[in-house]
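Chemist: Structure below; questions to follow.
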Amino acid sequence: MNEVRPHLDELLFSSVVGVSVESVDVADTVVRVEARTTASRAACPGCGRWSGRIHGSYLRFPRDLPTAGKFVVVSLRVRRFVCAESSCPRKTFAEQVPGAYPAVRPTDRATAIHVGLGRSRARRPGRRPDD
């Protein structure tokens with residue numbers, strides 16, 4: 001697995017900037033990927049000021065596409081930062097990772113595949129069923 005690992009960042013997170021794959025565990029039906037963000041600081045969405053002071057972290061589990069007939073389970077560690085602006089109403093904020101959404105929403109890759117399948121299977125795109 002060590003010879004494959006350098007390519008996993010590019011394969012799994014090619015559209016996501018600032019994410020590093022920490023470990024990969026391949027089981028019978030599941031591929032588990034642990035990843036973390038790598039940016040040293042983030043901009044507060046409330047005031048726009050940059051902060052490097054970390055408040056804590058939590059896991060997100062974005063859904064991704066299956067690979068080689070196995071489910072892919074991604075555990076992405078995302079940090080919360082303390083806003084450096086004392087007058088900002090947001091005291092802490094979570095860093096935003098483009099392409100990897102909060103909670104269990106699908107990744108951009110999975111969304112693109114689902115939208116494409118829906119469009120290809122629709123009989124009359126853009127029309128209501130009662131028309």
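No lab work stands behind these numbers, since they all come straight from the coordinates. The structure displayed is predicted, hence computed values, not measured ones. Here Cβ is always computed from backbone atoms with ideal geometry, including for glycine, and neighbour counts include all displayed protein chains.
Chemist: If I model a spin label as a point 7 Å beyond the Cα along the Cα-Cβ vector, how far apart are those points for R36 and K70 in nm?
Modeler: For R36 paired with K70, the spin-label model returns 2.3 nm.
Chemist: Under unit Cβ charges (Lys, Arg +1; Asp, Glu -1), what dipole magnitude, rounded to 20 debye, does the range 25-91 have relative to its Cα centre?
Modeler: 380
Chemist: With θ taken as phi - 60° and the coefficients 6.51, -1.76 and 1.60, list the Karplus ³J(HN,Hα) couplings across the range 30-39 in order, rounded to whole Hz; mark glycine and proline as x.
Modeler: Karplus-based 3J(HN,Hα) across the range 30-39 equals 9, 10, 9, 10, 9, 9, 9, 7, 10, 5 Hz.
Chemist: Amide H to amide H, which residues 5 or more places from H55 or on other chains are under 5 Å from it, using H placed in the peptide plane?
Modeler: Those qualifying (amide H under 5 Å, at least 5 residues apart or on another chain) are R80, F81, V82.
Chemist: Report the extension gain between W50 and C88 in nm, rounded to one decimal, defined as 0.36 nm multiplied by the number of residues separating them, less their alpha carbon distance.
Modeler: 12.5 nm
Chemist: From largest to smallest, what semi-axes in whole angstrom does the range 34-99 give when each is the square root of 5 times an eigenvalue of its alpha carbon gyration tensor?
Modeler: 30, 10, 9
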